[in-house]
Amino acid sequence: MKYFLVILLLCITVLSGYSQNQILSSPDGKNIIGIFTDGDLSYSVKHNDETILERSPLSMKVGDEDWGISSKVLRVDRQFINVKVIYTVPRKYKTASDQYNKLILTYKDFRVEFRAYNDGIAYRFSGRKNLVKPVYRETVCYNFPENYETYTLLTDKLQNWFEEDYTIKTIEELPDDRFSITPVMVRAGSCKILLAEADLVNYPGMYLQPAGKSFKGLFAYYPLNEELLEDGNKLYAAERENFLVETNLNRSFPWRVMGIFEKDSDILSSDLLYVLSDEKSPGVDFSWVKPGKVLWDWWNDRNIYNVSFVSGINTETYDYLIDYAARYGIEYILIDEGWSARDNLLELNPEVDIPAICKHAQEKGVGVILWAKWINVDRQMEQAFDTFGKWGVKGVKIDFMDRNDARMVNFLHQVAQKSAEHHLLVDFHGVYPCLGITRRYPNVMTYEGVIGLEYNKWSTRATVTHDLIIPYLRMWAGPMDYTPGAMLNAQAETFHANHKEPGSQGTRSHQVAMYIVYESPLQMLSDSPTKYEENTPSFEFINRIPTTWDETIPLEGKIGEYLVVARRSGKTWYVGGLNGDEPRELKVKLPPAINDHKSIIIHADGENAFKEGKDFRLYDETADKDGTLTIKMAKGGGFAAIIE
């Protein structure tokens with residue numbers, strides 16, 4: 001990541017005893033923050049002159065001090081910033097503009113920084129003293145003027161999988177004994193608000209709890225004692241301290257963020273949480289990081305047939321996966337649970353010769369990624385990562401964290417740093433949306449925190465409507481390891497969960513389109529080589545789609561109903577569309593940049609996809625003179641287009 005300063009304008013500096021309330025507007029003037037410094041610190045937000053957030057308090061209890069409570073402002077600084085961001089791993093863009101106005105309130109022992117962007121606003125506290133003290137409390141509050149409709153992921157547990165169904169209700173209809181994983185969406189008048197955080201480091205993650213017409217921040221206290229659960233797979237906090245974290249106060253705390261969007265599709269172009277997060281250390285080399293697709297063994301239950309060996313957790317199966325990946329130019333295979341002893345990453349399953357597998361993979365130009373539960377990584381990180389490096393392993397998938405207290409947040413950052421030192425990519429599962437970690441550590445390629453394709457093995461929760469909510473909410477928090485690629489596809493009325501031979505809800509083209517719509521620099525190929533061999537046209541189409549993007553242009557969409565997005569890699573454009581519960585015909589207006597491209601190949605729903613999800617058609621097309629494509633999508637359908 002590199003920063004190039006384009007404009008830096010210092011507007012105002014006011015010294016000593018400053019008490020006047022402040023106004024801060026976004027560069028386009030649409031988002032306006034009112035900052036009230038008389039008495040207790042609070043703020044409000046307007047969008048297009050409409051109040052979307054009423055006066056809301058912010059404060060922190062640090063040691064025996066109350067930051068923001070009856071505090072005296074000593075200084076006010078304003079700046080306009082416009083910088084160019086170059087992405088190490090171009091998940092959405094190769095470059096982007098980070099443009100905002102900021103205001104910093106300086107107090108005796110702390111500062112509060114506000115930023116106003118065209119796509120949202122944010123604030124954060126930072127300390128000014130080189131002292132270690134406990135943080136006992138942070139007051140985060142969003143007071144809305146009306147009882148708006150919301151999209152929440154409700155839970156009553158501080159230790160959970162971060163995989164919940166969306167609840168769509170007004171704030172006052174939400175149970176006050178539950179709280180939501182972020183991001184939370186609020187439909188506020190003429191705009192959509194996303195509530196989240198960014199640059200989460202050495203601090204607990206934030207939940208949001210409903211209270212009247214408001215949401216209030218809720219945080220897990222630091223663990224005092226931990227206990228093993230689920231036969232040693234999980235390590236949960238049994239008792240907690242009375243503080244959130246004990247930390248040196250010469251630091252910044254996480255951003256409290258409101259994304260503000262007039263159209264649902266505008267969300268898809270925003271990378272606000274990323275640009276708010278701290279960039280990687282200057283001079284650190286991440287040039288070795290290689291995105292790509294991953295042939296995964298677990299989802300399909302290693303269901304390989306028409307072969308001369310017994311498929312399963314064994315060396316023969318993984319050598320076969322490597323050969324198949326090499327044949328099609330797939331960058332990685334993922335060896336999931338079972339390759340090592342349950343509680344020891346250095347004790348191999350005698351049926352799985354990891355050093356020999358890695359040697360075979362290197363000879364074929366394929367990388368190997370290994371799964372591990374976090375408890376083992378926590379105990380054996382240095383020795384295990386060093387051994388993985390000697391074997392030639394290229395990445396790790398770490399699972400079952402299920403917490404976002406400061407202890408777990410610190411563990412994720414420790415993994416990211418140590419894995420970078422050993423040139424290992426990282427995929428986190430069983431984890432909170434990691435909210436900015438990919439900027440500091442570009443080797444963190446993707447993470448879960450979503451109901452994904454795996455749920456089709458045992459439930460019906462991964463519905464096509466759910467598939468059309470998560471791009472607007474969960475994906476705003478960063479890369480999303482949904483793990484698409486199913487070749488057995490069925491409409492809801494004929495779908496059945498199957499752990500041994502799983503499929504997906506919706507159509508084949510719905511699955512193919514996910515490779516364009518869903519952002520994940522490590523993108524899983526979840527079905528088996530056998531299924532892909534039986535469905536070669538769809539598989540070869542998927543294999544032509546990259547996993548990183550130089551440019552992203554949302555075309556249209558409505559949360560929960562449909563979505564169309566165009567993405568560019570090099571000189572080739574890709575357009576993906578997902579559809580919800582109702583059939584739909586769209587006139588897709590292509591961006592002007594695509595008009596000079598002549599060749600269009602489309603993977604779309606077949607005529608009978610409304611009843612047989614596997615039905616698709618692959619055809620060449622040309623856009624109308626005005627650059628419009630006419631697309632029909634079945635219920636639960638989709639389409640994918642490659643334009644060269």
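The values are calculated or read from the model by the stated rules, or taken from the named source; none is laboratory data. Please read all numbers here as calculations on a predicted model, not as lab measurements. FYI the Cβ positions are ideal-geometry reconstructions off the backbone, even for glycines, and counts take in every protein chain you see. Note: accessible area is taken over every heavy atom of the protein model, side chains too, but ligands, DNA and RNA are not part of it. Shrake-Rupley method; radii C 1.70, N 1.55, O 1.52, S 1.80 Å.
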Practice item. Pop a pseudo-label 7 angstrom from the Cα along the beta-carbon direction at both L218 and A238 and give the gap in nm to one decimal. Key: 2.5 nm
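Summing +1 for each Lys or Arg and -1 for each Asp or Glu, what net charge is found among the other residues whose Cβ lies under 15 Å from the Cβ of T167?
-4
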Exercise for review: Let me know the charge dipole size of the chain about its Cα centre in debye, to the nearest 20, where only the beta-carbon of Lys, Arg (+1) and Asp, Glu (-1) is charged.
Suggested key: 1920 debye
Review point. How many nm separate the modelled label positions at S287 and R137, each set 7 Å beyond the Cα in the direction of the Cβ?
Key: 5.2 nm
Review point. With no solvent and one point on each alpha carbon, what is the Debye value of log10 I(q)/I(0) for the chain at q = 0.05, 0.12 Å⁻¹?
Key: -0.22, -1.33
**Study point:** Nearest-ten-degree value, helix 374-391 long axis tilted from longest Cα axis of the chain
**Key:** 60 degrees
Check your understanding: Ignoring ligands and nucleic acids, what accessible area does V310 show with a 1.4 Å probe (Å², nearest 10)?
Key -> 120 Å²
Study note, to complete from the structure: Scoring only Lys, Arg, Asp and Glu (+1, +1, -1, -1) among other residues with Cβ under 10 Å from the Cβ of W299 yields -3
**Study point:** Contour minus Cα-Cα distance for R544 and I104 (0.36 nm per residue)
**Key:** 153.7 nm
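Round to a whole number: what % of the accessible area of the range 391-431 belongs to carbon and sulfur, probe 1.4 Å?
43 percent
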Practice item. Write out the chymotrypsin sites (Phe, Trp or Tyr not before Pro) in the range 442-500 meeting two conditions: DSSP loop, and at most 11 other Cβ atoms within 10 Å of their Cβ. Key: W458
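Let a ≥ b ≥ c be the square roots of the eigenvalues of the Cα gyration tensor of the range 24-145; is it rounded (a/c under 1.5), or, if not, prolate (a/b larger than b/c) or oblate?
Verdict is oblate for the range 24-145.
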Study note, to complete from the structure: Two pseudo-spin positions, 7 Å from Cα along C-beta at E534 and at R128, lie apart in nanometres by 6.8 nm
Review point. Between L228 and D77, what FRET efficiency follows from the Cβ-Cβ distance if R0 is 45 Å, with the result rounded to 0.05?
Key: 0.35
Review point. Do the sum for the chain: with -39,500 (n - 2.57) for every DSSP H run of n ≥ 4, divided by all residues, what is the mean residue ellipticity at 222 nm, to the nearest 500 deg cm²/dmol?
Key: -4500 deg cm²/dmol
Review point. At a probe radius of 1.4 Å, what is the per-residue accessible area of S311, in Å² to the nearest 10?
Key: 40 Å²
Practice item. Just read off the accessible area of E227 with the full protein assembly in place, 1.4 Å probe, to the nearest 10 Å². Key: 90 Å²
Revision key, fill the gap. With all protein chains present, the range 485-644 has a carbon and sulfur share of its accessible area (1.4 Å probe) in percent of 47 percent
Revision key, fill the gap. For the range 611-644 the trypsin sites (Lys or Arg not before Pro) that pass both the DSSP coil test and the at-most-10 other-Cβ-within-10 Å test are K625
Review point. Mean projection of the alpha-carbon convex hull of the range 182-336 over all orientations, in nm²?
Key: 16.3 nm²
Exercise for review: Quote the relative contact order of the range 296-452 in percent (integer), defining contacts as alpha-carbon pairs under 8 Å separated by 6+ residues.
Suggested key: 17 percent
**Study point:** Table column - 3J(HN,Hα) (Hz), the range 521-534, Karplus curve with 6.51, -1.76, 1.60, x for Gly and Pro
**Key:** x, 9, 10, 6, 9, 7, 8, 7, x, 4, 5, 5, 5, 6
Study note, to complete from the structure: Carbon plus sulfur, as percent of the 1.4 Å-probe accessible area of the range 176-274, comes to 41 percent
Practice item. Take the Cα gyration tensor of the range 246-335, multiply each eigenvalue by 5, square-root it, and list the three semi-axes largest first, rounded to whole angstrom. Key: 42, 20, 15
Review point. Taking only protein heavy atoms and a 1.4 Å probe, what accessible area per residue, in Å², does the chain have with all protein chains in place?
Key: 36 Å²
Study note, to complete from the structure: For V366, the net charge from surrounding residues (Cβ-Cβ under 12 Å; K, R +1; D, E -1) works out to +2
Check your understanding: For the range 492-644, with the dipole built from +1 on Lys and Arg beta-carbon atoms and -1 on Asp and Glu ones, taken about the Cα centre, which of I631, V564, P537 lies farthest toward the positive end?
Key -> V564
Check your understanding: In degrees, nearest 10, range 0 to 90: what is the angle between the Cα axis of helix 354-364 and the longest Cα principal axis of the chain?
Key -> 80 degrees
Revision key, fill the gap. Here the gain from full extension of T460 to S190, 0.36 nm per residue of separation minus their alpha-carbon distance, amounts to 93.9 nm
**Study point:** Using alpha-carbon coordinates, inclination of helix 406-421 to the longest axis of the chain, degrees
**Key:** 60 degrees
**Study point:** Extension reserve of the F36-N608 stretch, reckoned as 0.36 nm per residue once the Cα distance is removed
**Key:** 199.9 nm
Practice item. Apply 1/(1 + (r/R0)^6) to the Cβ-Cβ distance of R584 and I168, taking R0 = 22 Å, and write down the FRET efficiency to the nearest 0.05. Key: 0.60
Review point. For the range 478-501, list residues with backbone N below 19 Å from a point placed 7 Å from the Cα of N306 toward its Cβ?
Key: 486-489, 501
Check your understanding: Among F215, T155, P355, whose Cα lies farthest out toward the positive end of the dipole of the chain, if unit charges sit on the beta carbon of Lys, Arg (+1) and Asp, Glu (-1)?
Key -> F215
**Study point:** Test item: Cα-centred dipole of the range 496-644, Lys/Arg +1 and Asp/Glu -1 on Cβ, debye
**Key:** 100 debye
Check your understanding: Scattering from the C-alpha atoms of the range 463-594 alone, worked out with Debye: what is log10 I(q)/I(0) at q = 0.10, 0.13, 0.20 1/Å?
Key -> -0.32, -0.54, -1.31
